[in-house]
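In what follows, a single structure is set out as structure tokens and then discussed.
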Amino acid sequence: MEVRPFNDISYERFLSEEKLMGSRCWKCGAFFVPPRCICIECYGTEMEWVEIKGKGKLVAFTCIAIGPPSMIKEGYDRKHPYVSGVVELEEGVRVVARIEGIDGSKPETIKIGIPLKVEFLHRGEGQDLTTFLAFRPL
Amino acid sequence: MQKQRKLKRGVAMVGVGMSKFGMFKDKDSKYLFAEAFNEMLSTVDKGVDPEDIDALYLGNFTNDFFIHQGHWGPIIADLIGLTPKPATRTEGACASSALAFREGIFAIASGFYDMVLVGGVEEMSKRSTEEVTQGLAMAAIPYEVKAAFTFPGVFGATATAYFAKYGANREHLMNVTIKSHNNARLNPKAQFNVSIRDIMDQRIERAKHKGEPVPAWRDEKEFLRDAGVNPVVAWPMHLYDCCPISDGASCVLLVAEERAKNFTDTPLYVVGIGQGSGKGLHAKEDLTYFEATRYAAQEAYGLSGLKPEDVQIAEVHDCFSIAEIIHIEDLGFFKPGEGYRAVEEGLTRLDGSKPINTSGGLKCKGHPVGATGTGQLVEIWKQLRGEAGERQVPIKDLRIGAAHNLGGTGGTCTFTILERR
Ligand SMILES: [Zn+2]
């Protein structure tokens, strides 16, 4: 089987295949999501890909009313804010992601610690196809 | 544990200059820097011949994509008649000119140069808010950009983590905003040179004049709770939690310590400098502090032999209200989780025991990103030399001031300690 290089290009390609993947150091077992090609614990360079199960909890969030043009194009604006957050995965590592299925206009109702599961948002077509990592309440 | 560092030769500040910060459709980067440069020349008590400047270090972050022009070192060197002497541009996002300052220190401390000009410039207001938001996001890390975090968004998420850990809330952030405006009201160069109370009164007057319903805000907090005037930008960051989009320039003239008295009887000595790097949100174990600030502070305190309690006033990088609270903890002025209480108790006000952001901070003075780092030093210069006018802090024997600058979402942090002897 082809081993993809441990970099962001491979990470993105896995996302487009609906897989959230990290790298684990052969030597010391340290685990990184997104992947690293150098282990910052032991400086080992032998890595293996490991798939994340995709369950976690919300550790921080924000409801963004003034977003970048790409989000405005998706229909988000001052009246319809979107949510971005930091998610701690069951595997003990954290990722930043979009948080779906939560009303960004009611931030007071969003609770830190709520359980979430992974979701993959495919946007654009052909050459421009991009997959965004997202989470949604369980 | 960090190594104990030392400079091989002392360095002093003998002049400072700052353009007015604001949104100026009719001023470009060159004009803004000229404003700062001319003021700097006028602040050197015994005068200086610009011919004696050995080199320029210039911080700039966004001009490449906001006005499609890069390579600002030689452009500014030419502006001030410095060519063919060397000009070097530094980039550390919103900490760009703090890095220029540091390079200038090293150049003099090494013995290579005797006098250098350091500063920064930024021209941001000719773009829409959305474009600026997108441009600044380039200083976040790629994963954050992909997750659609904006700058206010990163600090918004930081605030939710801080609230959850320490029990603070939005009302505590408002104390920072109210204080910043009260200070900026006394700073003629501030972009928002008005208190929140002034803004309320203006709006009430305007409503009366137009025959519209008169707002019934009882106090500043009620005004800040009003979503009509203070809407969400990135929860819990509202408009009045965020620094504005600004144009501006600032600069500082550095000389070898042994030459300082040739230029002024009251130089400021650079006794501590520090810089650190930080990770993205996903890689931080705890979102409620900035590792890079703590590292920079440790380096600067170590070099100076001073402790946090020795620092009498400080400018800190309040790009967002929550950031000011976290910085005053990271710099050791208050314990982790106690910064918001210190602000609430008024300890950081002009007349408090530890005045913070006497200039009005980034929130009110303005934040032309590349000009902010050396702009903060301009305020410390004025305060330590007793030249801050109406906003002069009433501390007896004011000798030690400091400035903390942060780039991006905490990727680059610097801390500088200045002393008047
Ligand atoms: Zn390892």
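Bear in mind these aren't lab numbers, they're just calculated from the coordinates by the rules spelled out. Just so we're clear, the structure is a prediction, and the values are computed from it rather than from any experiment. Every residue, glycine as well, gets a Cβ built from its backbone with ideal geometry; the counts of neighbours run over all protein chains shown.
Assorted remarks:
- Within the listed set B:228, B:332, B:278, the residue fluctuating most in the Gaussian network model of chain B (springs between alpha-carbon atoms under 10 angstrom) is B:228.
- Value of relative contact order over chain A, rounded to a whole percent, pairs C-alpha under 8 Å and six or more apart: 21 percent
- Dimensions of the range B:186-325 based on its C-alpha atoms, expressed as ranges along the principal axes with the largest first, amount to 65, 46, 29 Å.
- Every Cα-Cα pair in the range B:107-173 was counted, and those over 15 Å apart are 70% of them.
- Cα pair distances in the range B:277-317, grouped into 5 Å bins until the bin that holds the longest one, percent each: 5, 20, 23, 22, 15, 11, 4
- The local environment of residue A:115, defined by Cβ-Cβ distances under 13 Å, has a net charge of +4 under the rule Lys, Arg +1 and Asp, Glu -1.
- Ascending count of other beta-carbon atoms within 10 Å, so fewest first, for B:322, B:417: B:417, B:322
- Its relative contact order, with pairs defined as Cα atoms under 8 Å and 6+ residues apart, puts chain B at 26 percent.
- Per-residue average of Cβ from other chains inside 10 Å of A:32-42: 1
- Take the convex hull of the alpha carbons in chain B; its mean projected area over all directions comes to 19.7 nm².
- Comparing Cα centroids, the range A:98-134 and the range B:150-202 end up 29 angstrom apart.
- Considering only alpha-carbon pairs that sit under 8 angstrom and 6 or more positions apart, the relative contact order computed for the range B:364-421 is 30 percent.
- Pairs from the list A:19/A:53; B:8/B:307; B:284/B:307; A:57/B:335; B:27/B:85 with a Cα-Cα gap above 18 Å: B:8/B:307; B:284/B:307; A:57/B:335; B:27/B:85.
- Couplings for the range A:21-29, taken from phi via the Karplus curve 6.51 cos²θ - 1.76 cosθ + 1.60 with θ = phi - 60°, read 10, x, 10, 10, 6, 4, 6, 10, x Hz in order; Gly and Pro are left as x.
- The GNM of chain B, with springs linking C-alpha atoms under 10 angstrom apart, assigns the highest mean-square fluctuation among B:303, B:377, B:331 to B:303.
- The alpha-carbon positions of the protein assembly as shown define a convex hull whose volume is 166 Å³ per residue.
- Computed on the Cα trace of the range A:8-51, the radius of gyration divided by the Kirkwood hydrodynamic radius gives Rg/Rh = 0.99.
- More than 25 Å apart - percent of Cα-Cα pairs taken over chain A: 34 percent
- Separation between Cα centres of the range B:338-416 and the range B:283-333, rounded to whole Å: 12 Å
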